[in-house]
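Input: a single structure, listed below in C-alpha cells.
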Amino acid sequence: MKDIVEWVQKLLPWLTGLPFAPKVAVSAIIVASGIFLLLLIWSAPPKKVDAASSVAGAFGTMDRATVRFGLTLGWELGRFEFVDGSSFPEARAAAPSIRQEIGQLLDQDHFSTAVNALDSRQLITAVLTHYGTTDVQKHGAILLGIAAMRASIIGASKNEEHNAEMRNLVFSAIKEIDARVLPRKEEFFTALMTRPPHNVSEALAFLDELAGASK
C-alpha cells in the first residue's frame, strides 16, 4: 500500500502539468475505470451453470409421467421401426404385439388416428406430427425414446458402416427435438453415445444422472 501511495504522489505533479486536452482524456479514463470497478464490485456474481444439467435440457425438470410416457412410446416406435417389414421371420412375428402396445399407449393419451393400417414410417410421422403441434415436451421425450432405442443396438453389427449409419439416425432424432426442450443437442448426443441405455428404465436413469437428480 505504501508503494502505491508513493507512486500516486510521484504521478500527481505530472498529471497536473498536462495541457487541458490530455488532462481531460486522462480524467475520463480514470472516471471510466472507477465506474467499471464499482460495477464489478456491486454486480451479482454469475450463476454457476451445472454442465450436466444443462446438457439434459428440460428433461431433468419435466413432469415424470410425461417423460416416461414419451420415452416408452418412442422406444416402442423405435422397435417397430426395425421389425416392421423385416426380412427376418422372428422380427416380423414380433411386429403385431409391438404395434398393439403402441396403440394402447396412444389410446391412453386420446390419440385419434387409427394405427393398424400404418406402416412404421407412416406411424412415426403421424405421432411426431401430432405431438409436435400439441405438446412439445411429449414430442421431445418421444424423439428421445426413438434415439435411445436406436443407440441401444449400435455395435450389434460387425459392419462399422452400419454402426455409423445408426449413429447418424440417433442424432437425426435428437436434432428434431425442440431447442426449448433440448438446447445442447451435440453434447447430449455425445453423452448418450458414451452410455447408451438398453431399456426405458436405463434411459430414465441416464436423464437423472445428467440432471444431477437422485430419484
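Modelled spin-label separation between residue 136 and residue 29, with each label point placed 7 Å from Cα along the Cα-to-Cβ direction: 4.9 nm.
When 174, 29 are sorted by how many other C-beta atoms sit within 10 angstrom of their C-beta, beginning with the fewest, the order is 29, 174. At a Förster distance of 35 Å, what's the computed FRET efficiency of residue 175 paired with residue 93, Cβ-Cβ distance as r, to 0.05? With R0 = 35 Å, the Cβ-Cβ based efficiency is 0.60. Compute the whole-percent fraction of alpha carbon pairs in region 121-209 spaced more than 23 Å apart. Of all Cα-Cα distances in region 121-209, 22 percent exceed 23 Å. Oblate is the label for region 51-211. Its Cα gyration tensor axes, ordered a ≥ b ≥ c, give a/c of at least 1.5 and b/c at or above a/b.
Taking 16 Å as the straight-line reach from the Cα of residue 175, the aspartates and glutamates in range (excluding those fewer than 8 positions away in the same chain) are 165, 186, 187.
Estimated from the Cβ-Cβ distance and a Förster radius of 22 angstrom, the FRET efficiency linking residue 100 and residue 126 is about 0.85. Gain on full extension, evaluated as 0.36 nm per residue between residue 195 and residue 119 minus their Cα-Cα distance, stands at 24.3 nm.
Extension gain, residue 109 to residue 163: 0.36 nm times the residue separation minus the Cα-Cα distance gives 16.0 nm.
Read the figures in this text as sums done on the coordinates, not as results from a lab. Owing to the predicted nature of the structure, the values given are computational and were not obtained by experimental measurement. In this analysis, Cβ positions are derived from the backbone assuming ideal geometry, glycine residues included, and neighbour counts consider all displayed protein chains.
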